[in-house]
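Undergrad: Pasting a structure below so you can have a look.
The values are calculated or read from the model by the stated rules, or taken from the named source; none is laboratory data. Predicted, not measured: the structure shown is a model, and the values here were computed from it. Cβ coordinates were reconstructed from backbone atoms using ideal geometry, including for glycine residues, and neighbour counts include every protein chain displayed.
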Amino acid sequence: MYNACMEFVERNLKTITQILLIAVLAIVPFLKMESLYFPFISGKAYVFRALVVLAFFFWVWLMLKGKEYRLDFSPFGRSFRKHILVKAILLFLLAQALAALFGVDVLYSFFSGIERAEGVLQYGFWALYFFMLLAVFREERDWKVFFSIFIIVALLLSAYSWFHPDSSETQLSGRFGNPAYFGAFLLFAIGFSFVAFERKFFSSIPIIHYGFLAAVGVFTVTLVFTQIRGAFIGLAGGVILFSVLSLLFLRKEYKKLAYACGLVLLAGALSFAALFAAKDTAFVRNNDILVRVTEVTEFSQVGSVRERVLNWSIALKAFQEKPVFGYGPENFGAAANKYYDYRIGKSEPWFDRAHNQPLDTLATGGIVGFSAYIFWLGAAGFVIFKIARKKKMLGFLLASLFLAYFLQGFFLFDTLAVYLGLFPFLAFLVYSAKGGSASGGQIPTGKQTIPLRGISRRKTNYLILIPVALFSLFVIYTTAVVPWKANAAAFQFYIYTESDLYERSKPLLEKAFLIESPYTSWELRKMTAWQFMNVLAYKFPEDAESGKIKGLQDLYDFLTPELEKLIEARPSHPQMYHVLATTYRLGFEKLGRNDLDKAEAVLRKGFQYSDLRAEYQNEFAEVLFLQGKFEEAEQAVRSYAERAPREWGAYFPSLTLGHFYFSVEKQEEAFDQYEKAREAGHKFFEDEIEYNRYLLVAEKAKRYDKVVDMAKEWLAYNGPDADTYFNIAVGYFHLGEKEAAKEAFLKAVELSPEYEEYRPIFE
C-alpha cells in the first residue's frame, strides 16, 4: 500500500505541484479570517506562505526526478539574456535585503507587520512562487488552465462584491477589504481575459471563447465601481497604448481592429474633454464615479490626490536624506514621521506608504533598491519586446497590461492582491518568450545530479527529501502557524475588551505576548495598545466602584512596561510615542496612576524623530497642563505654531492655539483663535470634528450669529441634513429671529421626525 501510494505521488509530482500553485490563486483571494486582526490580510498571508512551502517540497522532489524542472541560476552564464527577467527578480530581492540591512529598522524590513504582511522575506516567498511557475507551467495547456482559473476567481470575486456587504454602497472591494487592492487585481483579470481570447484557449467552444470577452466587460464595470482613480488611469493607459500600437502596426493584419481602436481613442478623448468641461455641473458633482475621475486634477482638495502629492514630496525628502540604501523596506512610516505634513494628517495621520510604488521604492531602497526596481521593469519590457517581434497581437496585449499595472502603481503600492496577478504575468512572459511551448523552447536547466555510488536513486532522493520536509515544516510553523496563533490570541483580547470583560482580558494578552514571532511581536503590542488606549478614552466604565476598574488597572500595569520595551527596541516606530504617552495620561485621569512624568519623557523622545507631528504636540501640551504647567504648555503650543511651515496655511498658528484652549476648556479663548483661523482662510466645514468644535465654542461664547453662519457653510458644502438645520434653528432662536428659527426647525423635522419633540419651543 505504501509503495503504491509513493509510486502514485512520484508519477504525479508535476500535477501536485501545479495544483498547490493554483491553490494560491483559487483559495487565497477568498480568505477572510474573522478571528484575526486585519482579517482580509493576515489569513491570506499565512495560507499563501504555507501553500508556497508545500509546493516547494514537491518541486524539490520533482527536480530530483527530472533535470528539466531545474532552473539554471548561473549569474554569468551564456543564458543571461535569455534569463534576464529571472536574474532581475533575484537582483531586486538582493537589493531589498541590502536596503533592509542598512535601513532604520532591520527586523521590520524583513518581517513587516500584520497590517501589510510584506517585507523582504515575503518578497522571497513571491520570488519562489515565480520560479516554481517557471519550472512546472511549461506547456500551453498549463497556462490555459491557470488563466481560466484566474478568470473564474475574478468573476466570483466580482459577483461577491456586488452582492455582499464587505463592499460599501458605492465602492466594490471583493474579498480584499480595500477597493484599491481589488481594482489592481481586476486590471490583471482584464488583461488575462484578452490573452486567453487571443491565444484561442477554447476556440473550439465558442461560448467559452467569446465568454472571455464578456468577462472583460464584467471586470471593467466592476473596476469602475471600485472608484479607484489609479485603476482608472491604469486601464485608460493600457487601452490607449493598445489602440495606438494597433493603429500603427496592425492595420494590415487586423484592419477592422485598427479602425475600432481609432474610434475608441476618439470617443475616449471626446468623453474626457466633455467630462472635465462639465465637472462643476450638478450632474457630475452628484455622481460619485464621475467626481472621482475629475478630482484627479484637483490637488487642493482634502482627501484627494493632494494627499498623494504631499506624500510623494516626503518620499523625495527621504531619498535626499538617505540616497544609497534608503530607509529600508517597510520603513516609509519613519520618513513620513520625520517629514510630517499637517495637511496629510488631517485625514490619515499615520501614513506608512508613499502611495506611489516608484517613489516608495526610492525612499525605502535608495539608489540600490530603485536601480534594481528599474532593472526588473526594463527586463520585463525587454521580454515583452521580444514577444512582440514574433507575435504582435500577444506582445501588444502584454505591453498594455504591463503599462496598466505600472500606471496604477503611481497611486498605490504593490500588495498581495497585485502580486497574485503580477508574478504569474511575469512567468508567462518568460514562457512566451521561450517559444510558447515546452517543445518550442526549454528553459535552461542545471546539470543533472549524480546519485551516490552504491545507493539507489530513490533512496538518495529520500535522503535529500527528509531534511527538505523538516525544513518545510519548520518554515510553515514559524511563518504561518506561530503568527496565526499570536494574532488570534491578541484578537481575543480585542473581543473581550470590546465586551467590557476587562478582568478576563489580561490572561489573553499574556498568552499572546508569550508567543514570540518576529512577524507579530511588535505589531500585536501596538494593536493591543491602541485598543487599550481607546477603551480608556471611549469605553471607560462610569461606575467607580465597578470591578472592571481593577481589571483595567491590571491591564495598565501589565501593558505599559511592554510598550516601554517596545519603544526602546524600535525607536523609529512613530505611533508608539503617541500611544504610550496617551495611555499614561488616561491612566492618570481614570485609573489613579501617576505616570505623567513618563508621558512627558516619552513625548520629548518622540520629538527627536518628529518635532512637527500634531499628535505629539497636542498630547504634550495636555500632559504639561495636567501637571499644573499651564504657561509652559501654552508656550509649547505657541512655539510649535511658529515653527510650522508656511505652506501649511496662514491659519495654522491660530487653529493650533484654538485647539489647545479647547482641550483645556478655555472656550472663549478658543473661539477667538478659531475666528482668526477662519478669517485667515481655514474651512472648518471640511472637517466634521473641527466643525463641531467651532459650533461648541461659538455657543459657549454666545456668538449665535457665528453658529448660524458656520452651519450654513456646512450645508452649502455637505448638503442638507437634519442636525445642521436644527443648529441653525437654535442659533436663530437665541438671536431672537423667531420666524427664521421656525423655518429652519421645520426643515429639520422634515428630514428627521425625531426633532418633533422640540416643536413647542419654536411654535
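Undergrad: Give the residue, chosen from Lys511, Lys539, Lys485, Lys548, that is at pLDDT below 85 and within 31 Å of the chain's Cα centre (by Cα). Reasoning before the result, please.
TA: Values: Lys511 fails: at pLDDT below 85; Lys485 fails: at pLDDT below 85; Lys548 fails: within 31 Å of the chain's Cα centre (by Cα).
One residue alone meets the criteria, Lys539.
Undergrad: Which of the following residues is modelled with pLDDT under 75, surrounded by 13 or more Cβ atoms within 10 Å (Cβ to Cβ) and either touching a Lys or Arg at 6+ places or on another chain (Cβ under 7 Å) or under 20 Å from Leu397 (Cβ atoms) (or both): Ala231, Ala258? It would help to see each step written out before you state the result.
TA: Values: Ala231 fails: modelled with pLDDT under 75.
Checking each option against the conditions leaves just Ala258.
Undergrad: Suppose the filter is within 20 Å of Leu566 (Cα to Cα) and hydroxyl-bearing (Ser, Thr, Tyr); does Tyr494 pass it? Working first, answer last.
TA: Details: within 20 Å of Leu566 (Cα to Cα): yes; hydroxyl-bearing (Ser, Thr, Tyr): yes.
So Tyr494 fits the description; yes.
Undergrad: I'd like to check which helices (runs of 4 or more DSSP H) are fully inside the range 94-177 and have at least 2 residues that are of a type outside the set (Lys, Arg), in the same structural domain as Ala318 (by TED's automatic domain parsing) and touching a residue at least 40 places away in the same chain (Cβ under 8 Å).
TA: Counting at least 2 such residues, we get 106-111.
Undergrad: Next up: Enumerate the pairs (first residue in the range 501-524 and without any contact (Cβ under 8 Å) to a residue 60 or more places away in the chain; second residue anywhere and in a loop (DSSP other than H, G, I, E, B)) with beta-carbon separation below 8 Å, excluding pairs fewer than 6 apart on the same chain, so at least 6 apart or on different chains.
TA: If the second residue must be in a loop (DSSP other than H, G, I, E, B), the pairs left are Glu503/Gly547.
Undergrad: Now for a different question. Here are some conditions: (1) free of Cβ contacts under 8 Å to residues at least 12 places away in the same chain; (2) out of contact with any helix residue (DSSP H, G or I) (no Cβ under 7 Å at 6 or more places or on another chain). Glu632 meets all but one. Which one does it not meet?
TA: Single failed check for Glu632: (2).
Undergrad: Can you pull out every residue in the range 639-686 that is farther than 20 Å from Glu589 by Cβ, among the basic types (Lys, Arg) and surrounded by 14 or more Cβ atoms within 10 Å (Cβ to Cβ)?
TA: Lys676, Arg678, Lys683
Undergrad: Something else about it: Pairs please, first residue from the range 249-261 and at negative phi, second anywhere and surrounded by 14 or more Cβ atoms within 10 Å (Cβ to Cβ) and among the polar types (S, T, N, Q), Cβ atoms under 7 Å, 6+ apart in sequence or on different chains.
TA: Note: pairs meeting the criteria are Tyr254/Ser246; Leu257/Ser246; Ala258/Ser246; Cys261/Ser243; Cys261/Ser246.
Undergrad: Go through the range 371-388 and give me each residue that's under 19 Å from Leu407 (Cβ atoms) and under 29 Å from the mean Cα position of the chain (by Cα).
TA: Tyr373, Ile374, Trp376, Leu377, Gly378, Ala379, Ala380, Gly381, Ile384
Undergrad: Moving on. Looking at the range 684-693, can you tell me whether even one residue there is closer than 25 Å to His734 by Cβ, out of contact with any helix residue (DSSP H, G or I) (no Cβ under 6 Å at 6 or more places or on another chain) and among the hydrophobic types (A, V, I, L, M, F, W, C)?
TA: Among the residues of the range 684-693, at least one is closer than 25 Å to His734 by Cβ, out of contact with any helix residue (DSSP H, G or I) (no Cβ under 6 Å at 6 or more places or on another chain) and among the hydrophobic types (A, V, I, L, M, F, W, C), which makes the answer yes.
Undergrad: Here are the criteria: (1) under 19 Å from Phe685 (Cα atoms); (2) surrounded by fewer than 20 Cβ atoms within 10 Å (Cβ to Cβ). Tell me which single one Ala744 does not satisfy.
TA: Of the numbered conditions (1) under 19 Å from Phe685 (Cα atoms); (2) surrounded by fewer than 20 Cβ atoms within 10 Å (Cβ to Cβ), the odd one out for Ala744 is (2).
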